[in-house]
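The values are calculated or read from the model by the stated rules, or taken from the named source; none is laboratory data. These numbers come from a predicted model, not from an experiment. In this analysis, Cβ positions are derived from the backbone assuming ideal geometry, glycine residues included, and neighbour counts consider all displayed protein chains. What goes into the accessible areas is simple: the full protein's heavy atoms, side chains included, and nothing from ligands, DNA or RNA. Shrake-Rupley method; radii C 1.70, N 1.55, O 1.52, S 1.80 Å.
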Amino acid sequence: MTLVPRALCSTAQAAWRENFLLSGRDVARWFPGHMAKGLKKMKSSLKLVDCIIEVHDARIPLSGRNPLFQETLGLKPHLLVLNKMDLADLTEQQKIMQRLEGEGLKNVIFTNCLKDENVKQIIPMVTELMGSSPRYHRGEVSEQPLMFLLDTPGVLAPRIESVETGLKLALCGTVLDHLVGEETMADYLLFTLNRHQRFGYVQHYGLESACDSIERVLKSVAVKLGKTQKVKVFTGTGDVNVIQPDYPAAARDFLHTFRRGLLGPMMLDLDILRGHPPAETVP
């Protein structure tokens, strides 16, 4: 694994990294090439629907949206559902709503589908939006059932300009882990947690302190979980089997623990909401 040479392992008041260095990575390869085709197909299906329900992860309410999607909507009634609210830090919810409204999104619902939280608000709002829409001029309206749902696969932007946006999407599981690299993602997660003063990982894994070195964190995680592997080392006197931490396995556990919400709620778009510039620098 290629690591930024940094070993800040001290207290929560440490000077954490201000930039995430990710060189030699082609972000375009992280995203399947069929996304543009999927968006085009979705656009052709719009004539069959009266209202569009857009669903995203509440942890990335801004960077998670496809900028090209808005162009396909036309004048159709539109509802944005931000799911997994239980995993998101919604302290800045008002700012989120203001930013979305500035993008033309006035109808937004935060939900947790697993616990049916706010989900029952969706159908009444959709009904209201369709009833008040000037484009609601269908000659035949369904009564039983009252509504049909036309589902489509998730469609990411065909091209992601920002490395950090790509990493946020990857942390939320919208990109296959192996395309980005689990250890790279774990490093960005650690960078983000420390930057936002979220040190739940210290208690969860029983670490001595917060740490800015992903190598040290993953080593501690691997040891705690008993995830080690035998590695053959070639020496001048012969081959020697050495027990080493299984860094990929530790990285996977770190990512899965975050995605299950066990490291605490997170708002990955906090930098955008606070007007901070992108954190990464790519030489």
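Quick rundown of the values:
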quantity	calculated
Unique residue being of a type outside the set (D, E, K, R), touching a helix residue (DSSP H, G or I) at 6+ places or on another chain (Cβ under 9 Å) and over 18 Å from Glu182 (Cβ atoms) when the list is Ser220, Ser209	Ser209
Residues that are modelled with pLDDT under 90 and of a type in the set (A, V, I, L, M, F, W, C), drawn from the range 201-256	Val231, Val233, Phe234, Val240, Val242, Ile243
Residue match in the range 203-213 (condition: touching an Asp or Glu at 6+ places or on another chain (Cβ under 9 Å) and either open to solvent by 80 Å² or more (accessible area, probe 1.4 Å) or not hydroxyl-bearing (Ser, Thr, Tyr) (or both))	no
Residue in the range 41-48 that is of a type in the set (Lys, Arg), loosely packed, with under 14 Cβ neighbours inside 10 Å and either over 22 Å from Leu169 (Cα atoms) or modelled with pLDDT under 90 (or both) present	yes
Residue satisfying all of: in the range 72-121; open to solvent by 30 Å² or more (accessible area, probe 1.4 Å) and among the aliphatic types (A, V, I, L, M); nearest to Gly275 (Cα to Cα) among these	Met97
Selection from the range 75-100 of residues that are within 15 Å of the chain's Cα centre (by Cα) and of a type in the set (Asp, Glu)	Asp86, Asp89
Residue, nearest to the chain's Cα centre (by Cα), within the range 155-209, restricted to residues that are more than 14 Å from Phe254 (Cβ to Cβ) and hydroxyl-bearing (Ser, Thr, Tyr)	Thr174
Residue check for Leu146: farther than 25 Å from Lys40 by Cα, open to solvent by 30 Å² or more (accessible area, probe 1.4 Å), part of a loop (DSSP other than H, G, I, E, B) and at pLDDT below 90	yes
Lone unmet requirement of (1) modelled with pLDDT of 85 or more; (2) open to solvent by less than 40 Å² (accessible area, probe 1.4 Å) for Phe69	(1)
Criterion (at negative phi, touching a strand residue (DSSP E or B) at 6+ places or on another chain (Cβ under 9 Å), surrounded by fewer than 18 Cβ atoms within 10 Å (Cβ to Cβ) and without any contact (Cβ under 8 Å) to a residue 40 or more places away in the chain) met by exactly one of Val231, Val217, Val221	Val231
Lone unmet requirement of (1) of a type in the set (Val, Ile, Thr); (2) touching a helix residue (DSSP H, G or I) at 6+ places or on another chain (Cβ under 6 Å); (3) surrounded by fewer than 18 Cβ atoms within 10 Å (Cβ to Cβ) for Thr237	(2)
Index of the failed condition, Tyr136 passing every other in (1) outside any loop (DSSP other than H, G, I, E, B); (2) at pLDDT below 85; (3) open to solvent by 30 Å² or more (accessible area, probe 1.4 Å)	(1)
Some residue of the range 166-177 being more than 30 Å from Ala15 (Cα to Cα), open to solvent by less than 20 Å² (accessible area, probe 1.4 Å) and in contact with a Phe, Trp or Tyr (Cβ under 9 Å, 6 or more places away or on another chain)	yes
All positions within the range 240-253 that are of a type outside the set (Lys, Arg) and either in contact (Cβ under 8 Å) with a residue 24 or more places away in the chain or open to solvent by less than 60 Å² (accessible area, probe 1.4 Å) (or both)	Val242, Pro245, Asp246, Tyr247, Pro248, Ala249, Ala250, Ala251, Asp253
